[in-house]
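J.: Have a look at this one.
Taken together, the values in this text are just the output of simple stated rules run on the coordinates, not laboratory data. Keep in mind it's a predicted model, so treat the numbers as computed, not measured. Note that we place each Cβ from the backbone using ideal geometry, even for glycine, and neighbour counts take in every protein chain shown.
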Amino acid sequence: MASQARYYRVLLRTTPEGRAEVRPKHKVARVPEFRYVRYDEKRWHLLRKLRAKALEVMKKLSSCGYSPIIHGSVARGDVDESSDVDVVIPYTEPPSLVELCLERYGINVINKVLVKATPKSALRVVYELTPDGKVSVSLPLERLSPQELEFYKFGGELTLDELERDLRVPGVTKSLVLIVPVADGHMEAPVRGYEHYVAKVLGVSLSTVLERVKLLTRRDEVGRTGLFLKITLNHSEPVEEALRRLRRLE
């Protein structure tokens, strides 16, 4: 099974009793702060580099008839060295056909991972395209709920067309900081206590904002990633077969 420390980018701490303790890397912002961040050339260069990788993958998926999105810091613009390229097909498709598409264009899948955030969340497959898992393609194996779809918009999402036009969109970080792009960087605003405003800026429901605040705050307080299920598949095992096997165990 792939390491949680790699895939979810968590830090390990040791309790006084000597037990390993999983801690999320992104700490929730506790003190409300409004600030302006101007990007230097290093950050612009990194953003261009990550977006070029996202474009490469998304264009190939699009050539196979899919409509992928990119979400997170690459869509917002506030990237750093820990940023991932998370490409998503936000609707169900036969995994075997997606794999054929990637293979056709010479995209090597390093790991296939089944993930489920909570008992009620849709099961997803994540195709890790790099050894460190920082470039990936994922798709749901079950229909996403309206709120799950809004979660991508909550974090910031772009379609292929929008990425090709080099747009940047507002979204919320895992530290619960609202990022609003401006010409030479971004503006930051707190989310906690401003949930109505955040929902309006992002164009999502208030319930989605409240749910994400609740989830991310709890992860921060409890010190868990919040992952309900994670299974790394044998590279030769079809996702469909693994899914049937998993459902027989339910």
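J.: Can you tell me which of 130-136, 37-43, 237-243, 56-62 comes out highest on packing, and rank the rest after it, using the mean Cβ neighbours within 10 Å?
T.: Those peptides, ordered most packed to least, come out 56-62, 130-136, 237-243, 37-43.
J.: Please compare each pair in Lys59/Lys134; Lys174/Lys230; Lys53/Lys174; Lys134/Lys230 to a cut-off of 27 Å on the Cα-Cα distance and tell me which ones are over it.
T.: Going by Cα-Cα distance, every pair falls inside the 27 Å limit.
J.: Tell me the Kirkwood radius of region 4-249: reciprocal of the mean inverse pair distance over distinct alpha-carbon atoms, in Å.
T.: With all distinct Cα pairs of region 4-249 included, I get 18.9 Å.
J.: Still on this structure: Between Arg48 and Leu229, what length in nm is gained on full extension when 0.36 nm per residue of separation is reduced by their alpha carbon distance?
T.: 61.8 nm
J.: Given H placed 1.01 Å from N in the peptide plane, which residues other than close sequence neighbours of Val135 have an amide H under 5 Å from its amide H?
T.: Val85, Leu129, Thr130
J.: Could you list which residues have their amide H under 5 Å from that of Tyr39, counting only those 5 or more apart in sequence or on another chain, with H placed in the peptide plane?
T.: Gly185, His186
J.: How large is the convex hull of the Cα atoms of region 107-250 per residue, expressed in Å³ as a whole number?
T.: Per residue, the Cα convex hull of region 107-250 comes to 149 Å³.
J.: Quick one: dipole size for region 4-249, taken about the Cα centre, charges +1 on Lys/Arg Cβ and -1 on Asp/Glu Cβ, in debye to the nearest 20.
T.: 660
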